[in-house]
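To keep things clear, I will list the structure first and then write my remarks on it.
The values are calculated or read from the model by the stated rules, or taken from the named source; none is laboratory data. Note that the coordinates shown come from a computational prediction; the quantities given were computed from them, not determined experimentally. As a convention, Cβ positions derive from the backbone with ideal geometry for all residues, glycine included, and neighbour counts pool all protein chains shown. Remember, those area values only see protein heavy atoms, side chains included, never the ligands or the DNA or RNA. Shrake-Rupley method; radii C 1.70, N 1.55, O 1.52, S 1.80 Å.
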Amino acid sequence: MSTKSTGSKSCYTRHSAEYKRESLKLAAQMGVAKAAKQLGLHESQLYAWRKQSEHAQSVSEREASLATENARLKRQLAQQAEELSILKNAATYFAQQLKLGTHS
């Protein structure tokens, strides 16, 4: 899907994300030059769309990696908080035992 926008200085066509994906698939199959000619686009448009697509994919991969690392760190923090709580309870217990033992 594409829509034409007219402004006072220039006219351009805005293509949908689906159209861009399909155009890039076609360019991968037959080459950028042939695909651009067949679709009535400039080669530079296909190259720009490909660059944007690759950038978006690398960003999403980084975000997924960071989300995995974040989840791991949250689990580790929860485990250490639990261990700290156990140690505090043990310290309190032994402190009470020492007080009882010295006064008896």
Quiz item: Taking the stated definitions as given, is ALA71 open to solvent by less than 100 Å² (accessible area, probe 1.4 Å) and more than 28 Å from the chain's Cα centre (by Cα)?
Solution: no
Practice problem: Take LEU73 and decide whether it is among the aliphatic types (A, V, I, L, M) and outside any helix (DSSP H, G or I). | Solution: no
Exercise. Working carefully through the options GLN38, GLN29, find the one that is assigned to a helix (DSSP H, G or I) and exposed (fewer than 10 other Cβ atoms within 10 Å of the Cβ).
Key: GLN29
Quiz prompt | Residue pairs meeting the criteria (Cβ under 7 Å; at least 6 apart or on separate chains; first under 16 Å from ALA48 (Cα atoms), in the stretch 5-34; second among the small types (Gly, Ala, Ser) and at pLDDT 90 or above) | solution = SER23/ALA35; LEU24/SER53; LEU26/ALA35; ALA27/ALA35
